[in-house]
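Enquirer: Pasting a structure here, questions to come.
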Amino acid sequence: MKKSIIFLSLATSILLFSCKKDETENKEEKVTTEANAKEETNANVKEVELNEAQYSASKIQLGQILQKNLSDVVRINGTTELPAQSQADVSSFLSGTITNINVNLGDYVKKGQTIATIDSPEYIQLQEEYIISKNTLEYLELEFKRQQTLRAENVNSEKTFQKTKSDLNIERARYQSLSNRLSLVNSSPSSISKSLRIVSPISGNIATIPVKIGTNIMAGQSLFTIVDNSQIHLDLLVYEKDMPYIKVGQKVSFTFTNIDKSEVTATIFSINKSFEPGTKTVLVHANIDKVPETLIPGLYVNALVHIGEKTVDALPNEAIVKADGREFIFILEDAHEEEGGKSYHFQRIEAKTGVSELGYTQVTILQQVPKDSQIVLSGAYYIQSHLIKTEGGGGHSH
């Protein structure tokens with residue numbers, strides 16, 4: 001019995017010692033973990049100081065987090081196109097020789113403006129036929145009245161009266177036809193001229209001039225091409241799987257594939273009812289809300305059709321830098337005057353990124369920062385490079 005009590009006391013002492021040891025080890029481990037976390041946080045949050053000259057050279061732009069609709073979208077591609085009514089091929093109804101060209105490539109012209117003149121024997125002959133027909137018509141109208149009076153008095157025969165009436169009707173039709181032909185060539189019947197005016201059928205810019213002074217032209221030959229780029233719109237190719245989400249009236253945000261990356265908006269106004277030949281895509285048309293003056297047809301665009309109302313916190317892509325496998329932004333902590341000029345103090349803050357579209361990326365800042373913090377929107381890579389340089393090459397930026 002005595003041995004059992006001694007054994008039990010010994011076991012209890014060993015157990016208490018073991019528990020105390022585990023508790024001590026757990027506390028030490030917790031302290032170590034917290035210290036490591038704090039050290040890791042301190043490693044991620046770094047500070048950079050720029051003088052006034054460095055700040056100016058970096059072209060830094062400051063701002064705050066933006067609200068962008070980067071989710072609930074359908075991503076599609078397309079081109080800028082002109083509707084048929086905003087394009088015109090200018091030709092002449094009569095043959096002749098180009099004697100004057102009043103415009104240059106790119107010039108803006110108004111509807112009805114004279115853009116060239118043609119010397120045309122056919123035009124001279126048309127005017128001659130018109131004047132002859134006009135005089136003949138006047139004579140036949142008088143003759144018809146005379147024959148009508150004679151017929152009422154039973155002086156002439158019915159055959160003579162009907163012949164005069166028929167001649168009058170034929171000449172009236174001929175006169176009207178010649179008048180219409182002169183109207184088609186934009187001519188005034190009141191005066192005879194050897195030169196035919198070529199006028200612009202729409203307002204727009206001269207796109208092509210395939211002729212020159214002295215060129216002999218045929219009726220219907222293309223002389224100029226005019227485009228009205230103010231009516232330019234988007235033709236977007238939507239895949240079959242995305243068609244259920246596309247509706248008339250939806251907003252579209254787009255950028256140009258190969259030129260200026262600034263964001264432009266448009267509104268869907270029409271959806272084709274059949275697939276494009278040889279593809280499983282449907283053409284969707286969108287009016288550009290504010291057409292830039294430099295916009296021309298045929299430009300490739302990357303577009304987002306907004307199918308939802310959800311918005312997210314976002315920053316321009318150039319505001320985010322990568323280092324050591326993480327992503328960071330910079331905020332301006334302080335700017336103050338010193339002896340050598342103004343000094344700017346920045347802090348690097350870790351951030352988590354999400355969807356990235358149209359030059360903007362969704363961000364979640366992984367540290368508490370004041371709501372009115374001035375975030376570096378442009379120039380972050382310069383600050384990151386300066387940080388690496390001052391640390392002796394540490395870190396790896398992209």
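Enquirer: Under 37 °C and 0.692 mPa s, how fast does the stretch 43-174 diffuse according to Stokes-Einstein, given a Kirkwood radius computed over C-alpha pairs? Answer in µm²/s, whole number.
Expert: Values: Rh = 24.6 Å.
In µm²/s, the coefficient is 133.
Enquirer: Given R₀ = 45 Å, what would the calculated FRET efficiency be for Thr215 paired with Asn258, taking r from the Cβ atoms and rounding to 0.05? Kindly include the intermediate steps, with their values, before the conclusion.
Expert: Working: r = 36 Å, r/R0 = 0.80.
With R0 = 45 Å, the Cβ-Cβ based efficiency is 0.80.
Enquirer: Between Lys247 and Thr390, what length in nm is gained on full extension when 0.36 nm per residue of separation is reduced by their alpha carbon distance? Intermediate results must be reported in sequence, preceding the final value.
Expert: Numbers: separation 143, 0.36 × 143 = 51.48 nm, distance 5.39 nm.
Gain on extension, Lys247 to Thr390, equals 46.1 nm.
Enquirer: Another question, then. Through the Karplus equation 6.51 cos²θ - 1.76 cosθ + 1.60, θ set to phi - 60°, convert the phi angles of the stretch 352-359 into ³J(HN,Hα) values in whole Hz; use x for Gly and Pro.
Expert: So the J values, rounded to whole Hz, are 10, 9, x, 5, 10, 8, 6, x.
Enquirer: Would you mind computing, in nm to one decimal, how far apart the modelled labels at Leu62 and Thr114 are, each placed 7 Å from Cα along Cα→Cβ?
Expert: Each label point lies 7 Å from its Cα, and together they span 6.3 nm.
Enquirer: Moving on. Given the DSSP H assignment, sum -39500 (n - 2.57) over each helix run of at least 4 residues in the chain and divide by its residue total; what's the result at 222 nm in deg cm²/dmol, nearest 500? If you can, show how the numbers build up before the last one.
Expert: Details: 5 runs with 120 residues, N = 398.
About -10500 deg cm²/dmol.
Enquirer: Also, I was wondering about something else. In square angstrom, what is the accessible area per residue of the stretch 137-265 with a 1.4 angstrom probe?
Expert: 59
Enquirer: Would you mind finding the longest exposed-site-free stretch of the chain, with exposed trypsin sites (Lys or Arg not before Pro) meaning DSSP loop and at most 12 other Cβ atoms within 10 Å? Please list the in-between numbers first.
Expert: Details: sites that count: Lys59, Lys110, Lys212, Lys247, Lys261, Lys280, Lys290, Lys310, Lys371.
No qualifying site falls inside 111-211, the longest such stretch.
Enquirer: A follow-up question, please. Once both labels are modelled 7 Å past Cα along the beta-carbon direction, what's the Gln368-Leu295 spacing in nm?
Expert: 4.7
Enquirer: Reported to two decimal places, what Rg/Rh ratio describes the stretch 55-99 when computed on Cα atoms with Rh from the Kirkwood expression?
Expert: Values: Rg = 25.6 Å, Rh = 18.3 Å.
My calculation puts Rg/Rh at 1.40.
Enquirer: Something else about it: May I ask you to derive the relative contact order of the stretch 102-242, considering only C-alpha pairs under 8 Å and at least 6 residues apart, and to give it as an integer percent?
Expert: Numbers: 154 pairs, mean separation 51.9, N = 141.
Once normalised by length, the contact order is 37 percent.
Enquirer: If the elastic network links every pair of Cα atoms under 10 Å, which of His345, His285, His336 fluctuates the most in the Gaussian network model of the chain?
Expert: Greatest mean-square fluctuation among the candidates belongs to His336.
Enquirer: Still on this structure, please answer the following. Helix 2-44 versus the longest principal axis of the chain: what is the Cα-based angle in degrees, 0 to 90, to the nearest 10?
Expert: Approximately 40 degrees, to the nearest ten.
Enquirer: What list of ³J(HN,Hα) values in whole Hz, one per residue of the stretch 115-126 in order, does the Karplus curve 6.51 cos²θ - 1.76 cosθ + 1.60 (θ = phi - 60°) give from phi, with Gly and Pro shown as x?
Expert: The phi angles translate into 10, 6, 10, 10, 8, 9, x, 5, 5, 4, 5, 4 Hz.
Enquirer: Starting from the residue with the highest accessible area, list Tyr123, Tyr239, Tyr175, Tyr382 in decreasing order, probe 1.4 Å. Write down the numbers at each step before the final one.
Expert: On the way: Tyr123 10, Tyr239 135, Tyr175 55, Tyr382 85 Å².
Highest to lowest solvent-accessible surface, that is Tyr239, Tyr382, Tyr175, Tyr123.
Enquirer: With all protein chains present, calculate the accessible area of Glu52 using a 1.4 Å probe and round the result to the nearest 10 Å².
Expert: 90
Enquirer: What is the helix-to-structure angle for 158-184, meaning the angle in degrees between its Cα long axis and the longest Cα principal axis of the chain, kept from 0 to 90 and rounded to the nearest 10?
Expert: 30
Enquirer: Using modelled amide H (1.01 Å from N, peptide plane; none on Pro or chain starts), what sits under 5 Å from the amide H of Asp107, excluding residues fewer than 5 places away?
Expert: Sorted by chain and number, the residues that satisfy this are Ile206.
Enquirer: Oh, and also: If you plug each phi of the stretch 369-379 into the Karplus form 6.51 cos²θ - 1.76 cosθ + 1.60 with θ = phi - 60°, what whole-Hz ³J(HN,Hα) values come out, in order, with x for Gly and Pro?
Expert: Using θ = phi - 60°, the values come out as 10, x, 4, 8, 4, 8, 8, 6, 8, 9, x Hz.
Enquirer: Looking only at the stretch 52-81, which residues have a backbone nitrogen under 11 Å from a spot 7 Å from the Cα of Glu276 in the C-beta direction?
Expert: The answer is 77-80.
Enquirer: Using a Gaussian network model of the chain whose springs link C-alpha atoms within less than 10 Å, name the residue from Glu153, Glu293, Glu357 with the highest mean-square fluctuation.
Expert: Most flexible of the set in this elastic network: Glu153.
Enquirer: Which residues' amide hydrogens lie under 5 Å from the amide hydrogen of Gln221, considering only partners 5 or more residues apart or on another chain, with H built in the peptide plane?
Expert: Result for Gln221 returns Ser92.
Enquirer: Rounded to the nearest percent, how much of the accessible area of the stretch 165-298 (1.4 Å probe, protein heavy atoms only) is carbon and sulfur?
Expert: Values: 4150 of 7560 Å².
Carbon with sulfur: 55 percent of the solvent-accessible area.
Enquirer: If you place +1 on the Cβ of every Lys and Arg, -1 on the Cβ of every Asp and Glu, and leave all else neutral, what size is the dipole of the chain about its Cα centre, to the nearest 20 Debye?
Expert: 1520
Enquirer: Can you list residues from other chains, or at least 5 along the same chain, whose modelled amide H is less than 5 Å from the amide H of Glu327?
Expert: Residues meeting the criterion, in which the H sits 1.01 Å from N, are Ala351.
Enquirer: Which distance in nm do the two modelled labels at Asp167 and Glu52 give, with both placed 7 Å along the Cα-to-Cβ direction?
Expert: If labels sit at Asp167 and Glu52, their model points lie 10.1 nm apart.
The values are calculated or read from the model by the stated rules, or taken from the named source; none is laboratory data. For clarity, every value in this text was computed on a predicted model and none was experimentally measured. Cβ atoms come from the backbone with ideal geometry, glycine included; neighbour counts cover every protein chain shown. Surface areas here come from the heavy atoms of the whole protein model, side chains and all, with no ligands, DNA or RNA. Shrake-Rupley method; radii C 1.70, N 1.55, O 1.52, S 1.80 Å.
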